[in-house]
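Participant: Dumping the structure here so I can ask a few things about it.
The values are calculated or read from the model by the stated rules, or taken from the named source; none is laboratory data. As the structure is a computational prediction, the values presented were derived from the model and not from experiment. No Cβ is skipped: glycine too gets one built from the backbone with ideal geometry, and neighbour counts run over all protein chains shown. All accessible areas refer to the heavy atoms of the entire protein, side chains included, with ligands and DNA or RNA removed. Shrake-Rupley method; radii C 1.70, N 1.55, O 1.52, S 1.80 Å.
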Amino acid sequence: MQLDALDRKAAEAFDGYIVRKDLVRQFSRQFPVPTYVVEFMLGRYCATIDESEIQEGLAIVQRQLSERTVRAGNEELIKSVAREKGQVRIIDIITARLDARTDSYVAELPSLKLRDVRISAALVTEHQRMLTGGFYAEVTLGYDATIAQEKNGRPFGIDGLRAIQLSQRDVLDKMAAARAKLTTAEWKDFLLRSIGLEPAQLPERNKDAILLRMIPFVERNYNLVEIGPRGTGKSHLFQQVSPYAHLVSGGKATVARMFVNNANGQRGLVCQYDVVCFDEVSGISFDQKDGVNIMKGYMESGEFSRGKESIRADGSIVMVGNFDVDVEHQQRIGHLFQPLPPEMRDDTAFMDRIHCYLPGWDVPKLKPDIFTDHFGLVSDFLSECFTQLRNQSRLATLQNRVFFGGALSGRDINSVNKTVSGLLKLLYPGQDAQVSEEDLEWAVRLALEVRRRVKEQQKRIGAAEFRNTLFSYTLGAEGVEKFVSTPELQSQGGIGDEPLEAGQIWTLSPGGQDEHPGLFRLEVTEGPGSGVRVLNKPVPQAFQESIRCAEQNLYARAKQLVGDRDPRAHEFSVQLRGFDAAKSGAKTGVASLIALCSALLRKSVRGGLVVVGEVTLGGTIEPIHNAVSLAELAVEKGANSLLLPVSCRRQLFDLSDDMATRLDVEFYQDARDALLKALVD
């Protein structure tokens, strides 16, 4: 393996806490233990970049795993060795319970099928996790022949154990100090390498989706759904990387196992683990009718009541499942929650508790070249840092820096806040780190997108209360309101429902003698300077005339159009983009004027709107002679609103009933009237 710049930086920053991920794969299928157990061993003996030391360490790890893991069929042999030699060392998951009959603790070692192993109260007190689900450990198992001859004697006993989990409490400080030595891009790549993936093989969109998978590990009571194609490693992170996560495979999920067992008071999975993941969620069903209701209540508040007491837990809920069809087809025939069990899939109240719908179709299938051969963090170090991050929050970072639009309900804001907090914890593990504007905006946009995807499905089911899904945010008190969409909703080359960025507008050119009508998008940006600069080369002559008239109208009527802002103190850059055979951009003056004002006012134009009209130097609106054709073209291109000069009103009597019901036609008297009707309220 060739070390790259990130390997060297990471080796210096995380000395003793890194491991080569290709070494992990050598052992991953050889022994009956999870990946994090193998990495714990490798981290102990191979956390170096010295090749000779790595080879020595590999030999030790191979020997220890061979000798200490219990393969199926070898149980009796291991017990025999313990009897003959007095004790034996094994690697196994150890759980314990209190036997009230004898007032003593007994341990269970599943790989040896032993359920009544003696263990001292001191060991249980030191490692209380064995009472809540257990953990992997190197166990020294003793055998006492004298006790074996007693009535109901327990000859096997735990003489000692060493947890295969990091026990140091200052790991987060070490991670924060080391993170400060890497850029944000390097740190994202290093996190991906730490879970075994090679970032060089992944586009940014894929990286974002995989980082979203990590949020439940660092954020308490976080509810995530991921539906996508098979073979993208949806359950890998929750099964192999962290001992603080538990995977529930498809089948019955009992209320007693999930929440609390009323018979003995034993707390369930959501109390024992940081993350509970339902794999193949379409097959999940509860043993009791009220199971889904208890789950809904827990997902909302982090509490559930069984019997008299109300119990609080902070385990995150993750549901992963598979699509049998592609996303576009799924949206045509139903909604994106379709693979959920019947009692959940059409329940909008259940959906409202989902903080994040992760786009599983944005995660690539796991092929050999997507796995990394480079250094990453040892899994037990990473998972220990993740579990400690759950005690922190990054909501203070949002205060007075980010303002959300009016379309977000209280639950939406709570969901977005939790996602942003989780993403910022992943990017900045140090609580006092300064979050850059760029990283904050990245987290906010991603959080709004994954929550909006939930709202869009609720809207599809037909609930009127979820009709407004135009999520937006503003960075800083003087910032521009920006709208966030979900990529699968966006129409390519057509007019979508989304408000465009400030300075952008859809317009139809009515054409002319030698040109048919055509759809255009105008994009305007403003900055310091003066004048209007068209970026198209060469500039179409007809469009040059329209933009010149728009510019002069802006200067002459600035007070009416943009208030106290001075357009002469700004330079405008304009680009005309054609979406048809028409290229001239003729008679698009009104749309050009609205785009210039929108850029200067930093306000977006309404989503789904297309504007038609030409303004003269004197400010009058020119008549349009083919309004019916333009209305039909607007419908064909996906518009839901058309803004026309009022002089076209009589022509539209000839518009068919079908077209009239599919398009909301509005009229304007002059340029100011058009601007007020075009901008988002």
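Participant: Output the pairs from LYS418/LYS603; LYS308/LYS455; LYS207/LYS637; LYS537/LYS603; LYS455/LYS482 with a Cα-Cα distance over 24 Å in this structure; if there are none, say none.
Facilitator: Check vs 24 Å cut-off fails for LYS418/LYS603; LYS308/LYS455; LYS207/LYS637; LYS537/LYS603.
Participant: Here is a follow-up. Using a cut-off of 23 Å between alpha-carbon atoms, which lysines can reach LYS174, once sequence neighbours fewer than 8 places away in the same chain are excluded?
Facilitator: List returned: LYS9, LYS21, LYS188, LYS425.
Participant: Heavy atoms of the protein only, probe of 1.4 Å, neighbouring chains included. What is the accessible area of ILE505 in Å², nearest 10?
Facilitator: Roughly 0 Å² of ILE505 is accessible to a 1.4 Å probe.
Participant: From the helices alone, meaning DSSP H stretches of at least four residues, give me the mean residue ellipticity at 222 nm for the chain, per-run term -39500 (n - 2.57), in deg cm²/dmol to the nearest 500.
Facilitator: Mean residue ellipticity, 222 nm, calculated: -10500 deg cm²/dmol.
Participant: Can you pull the percent of the range 578-681's accessible area that's carbon plus sulfur, 1.4 Å probe, other chains left in place?
Facilitator: Carbon and sulfur together cover 49 percent of it.
Participant: To continue, here is another question. Probe radius 1.4 Å, ligands and nucleic acids left out: which of ARG568, ARG205, ARG20 has the largest accessible area, and how do the rest follow?
Facilitator: So the residues, ranked largest to smallest area, are ARG568, ARG205, ARG20.
Participant: Here's something else I'd like to know. For a quick protection proxy, order the peptides 510-518, 532-540 by their average other-Cβ count within 10 Å, most packed first.
Facilitator: 510-518, 532-540
Participant: Could you pull the accessible area for LEU395 with a 1.4 Å probe, rounded to 10 Å²?
Facilitator: LEU395 exposes around 70 Å² with every protein chain in place.
Participant: Go through GLU75, GLU84 and list them by solvent-accessible area, largest first, probe radius 1.4 Å.
Facilitator: GLU84, GLU75
Participant: Would you mind getting the Kirkwood hydrodynamic radius of the range 571-648 from its Cα pairs, rounded to one decimal in Å?
Facilitator: 13.8
Participant: Can you sort THR620, THR507 by solvent-accessible area, 1.4 Å probe, largest first?
Facilitator: Accessible-area ranking of THR620, THR507, largest first: THR620, THR507.
Participant: Now for a separate question. Any idea what the relative contact order of the chain is, in percent, if you count C-alpha pairs under 8 Å spaced at least 6 apart?
Facilitator: The normalised contact order for the chain reaches 11 percent.
Participant: Between the range 272-318 and the range 8-68, how many Å separate their Cα centres?
Facilitator: 36
Participant: Using a 1.4 Å probe and ignoring any ligands, DNA or RNA, find the accessible area of ASP664 and quote it in Å² to the nearest 10.
Facilitator: 80
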